Structures are given as structure tokens and as C-alpha cells.
1. Report the residue count in region 176-212 for those that are touching a Cys at 6+ places or on another chain (Cβ under 8 Å) and on the phi < 0 side of the Ramachandran plot.
2. Which count do you get for residues in region 162-198 that are assigned to a loop (DSSP other than H, G, I, E, B) and surrounded by fewer than 18 Cβ atoms within 10 Å (Cβ to Cβ)?
3. So is Asp149 charged (D, E, K, R) and surrounded by 13 or more Cβ atoms within 10 Å (Cβ to Cβ) or not?
4. Within region 199-217, work out how many residues are among the β-branched types (Val, Ile, Thr) and crowded, with 20+ Cβ neighbours inside 10 Å.
5. Quick check: is even one residue across region 119-128 touching a Phe, Trp or Tyr at 6+ places or on another chain (Cβ under 9 Å), of a type in the set (A, V, I, L, M), buried (at least 20 other Cβ atoms within 10 Å of the Cβ) and not in a strand (DSSP E or B)?
6. If Met116 satisfies all but one of (1) more than 19 Å from Thr57 (Cβ to Cβ); (2) at pLDDT 90 or above, what's the number of the condition it fails?
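The values are calculated or read from the model by the stated rules, or taken from the named source; none is laboratory data. All figures in this text were calculated on a predicted structure; none of them were measured in a lab. Cβ atoms come from the backbone with ideal geometry, glycine included; neighbour counts cover every protein chain shown.
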Amino acid sequence: MTKRNGIDRRGVGAGLIAAGALAMSRPAQAAAPTHDEVVKKFAALPDWTGIWMSVGTTLFEQSAGARSLNANDPNARDFPPYRPAWAAAYDKFLSDVVKTGKFSDPLSQGYPGGMMRMMSPARGLQFVLRPEQIWIIYERPDVRYIYTDGRPFPPPEELWPTFEGYSIGHWEGDTLIVETRSIRGGIPIDRTGACLSDEAHVTERIRKPDAATLQSDITIEDPIAFTAPWKVTRRYRKRNEEYPRMENVSSLENNRNPVVNGETKILLAGESDASSPYPDDLRSFAVPRFPFPKK
């Protein structure tokens, strides 16, 4: 053993070798992007500035014939590929509620519209593009966050159904590819009361075919509600105005946590149907009684 100044030099050398091996085994941290690299990433993004209005009515799908919600129009409905039990509940809701003028839209009551409803807006959408995220701003005001920084989806235990779901995207040329999971089921996607389940998985391909048009090709897979994938194309036209702005409508969602006697209360859906976020007196006129699986 060789010591100098009371230090075991052999031990120090072994420690340095071990530390060097450990450092070599760790993945090298990526260097922060330079200013020029950041500018280059921004420059590569397409120009989606402005306010984009939905083409056609606010019915989510119109290609199969639906044009309006007129009670006398036999095509006044949406066309999701529902399983038989879901189709029966939907048809009954259309007959008893929608076509009799009794539909009570949760969106009009101040509830969030949800991710699907956001993509068929009455007052338009605004897109904010950054290399690491896309923000889609809706009228309520609600915002969709689409992460384009290369992250994976969180593990299942870190995901729970929300109105907007969890969206991850990437660019293929000038087309944004978005996958969304963990969307809360039982939320109307339009004024016919059509809904998805908590197991829905949505893929969007959004691009700008010309200077005044955005197009989103949407594929919805739902093993609980659907017999097959549902493919829908939504188009948006750019608003031509000198001073574009988003109109905001306040949300009443915070009223679900009122302060009573100095304590915050949590109001949940009625026990008669825990699959819905709406109170019982609204629910019967907002969405069909779909056969959601018991958790």
C-alpha cells in the first residue's frame, strides 16, 4: 500500500477509475439548442395564424347527409358507427329529446365542450405553433395542449379521462399528426348528443391545403362504442378581418367546487349515473343513456 500525506493513493486511483466508468455509462445530456437552431425550427413551422371558422354546421360529421337539427329533416343526425346498444340509445335520444326541441346543451350551461367539440367551433379556433408545443385556443376559453417535443404518453397510472384528453403530436412535412388519448366519455360532440367512451383514441392529420383553408382528417377508434373506426374530415376557413380576435365565453365549471361555510366542497355527478359529469336534472336532456361499462 502506498500512502502520501496520509492518503491511500491506490484507493484514490480506483475511485477515479470507477467514477470515470460511471460517467461513461451515463447517457450524455444533449446540449441546449443554439439561437440559430431555435430560429430554424420556428422558420420550419407552417403559417396558421388568424382565426379559423368551421365550414358547414356545427354537427361533427356531415358527409353522410346530416345538414341541420330541424326536427322534420330525416337526415338531421350524426352518423357514428355505434354498436347496437349504443345505436338504440342514440336513436331514442334523437326521437325523444333532439327532435322535440328539448336538448339542453351542456356547452350552453357553461360546461367545457371537450376536445371533440372544440374541433367543430361556432366562433372559431386560433392556433399557436411552437417547436415544442401547439396550442389550440377555443371560445370558452378552453385550450388544447399538443406536445411536439418528442415525449411519449404517460404510463396508464398517470392518465385519467379529462375533457381535452392528452395529445402528443409530430410533424410530417407541413402536416401535424396528433394522437389523443384519455378523453372523458359521455361528453356530447355536437348538438345531437352523440358521445364517445373513455376508451376512445383519436388521430388527427391537420394541414393547410391552401392559404385560406385548414383541413383535419380525423380517425376515431372506440372499442366500447364503435363497430369500426370512424373517419371524419373537418375544414376551416380563415376569417378575413383587419382586427381578428377570439370571443371568450365564461365557464361555470368552477361552480363544481363551491366554498360553503369556509370549506371547499366537491360536487360529483349523481349516483344514478356516475359516468356523466352533469347533474341529473341536466343529464336527461344533454346526452343519451349509453350503456357505459361499470368500472
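1. Step one: of region 176-212, the residues touching a Cys at 6+ places or on another chain (Cβ under 8 Å) are 185-189.
Within this subset, residues satisfying the condition of being on the phi < 0 side of the Ramachandran plot are 185, 187-189.
Selection size over region 176-212: 4.
2. Our first condition is that a residue be assigned to a loop (DSSP other than H, G, I, E, B); within region 162-198, this holds for 163-165, 173-174, 182, 184-198.
Then keep just the ones that are surrounded by fewer than 18 Cβ atoms within 10 Å (Cβ to Cβ); that gives 173-174.
The total comes to 2.
3. For Asp149, the condition - charged (D, E, K, R) and surrounded by 13 or more Cβ atoms within 10 Å (Cβ to Cβ) - is not met.
4. Filtering region 199-217 down to residues among the β-branched types (Val, Ile, Thr) leaves 202-203, 206, 213.
Subsequent filtering for residues that are crowded, with 20+ Cβ neighbours inside 10 Å retains 202, 206.
Number satisfying all stated conditions: 2.
5. Let us first name the residues in region 119-128 that are touching a Phe, Trp or Tyr at 6+ places or on another chain (Cβ under 9 Å), namely 119-121, 123-128.
Within this subset, residues satisfying the condition of being of a type in the set (A, V, I, L, M) are 119, 125, 128.
Keeping just the survivors that are buried (at least 20 other Cβ atoms within 10 Å of the Cβ) gives 119, 125.
Imposing the further condition that a residue be not in a strand (DSSP E or B) reduces the set to 119.
Yes - at least one qualifying residue is present in region 119-128.
6. With respect to (1) more than 19 Å from Thr57 (Cβ to Cβ); (2) at pLDDT 90 or above, Met116 is out only on (1).
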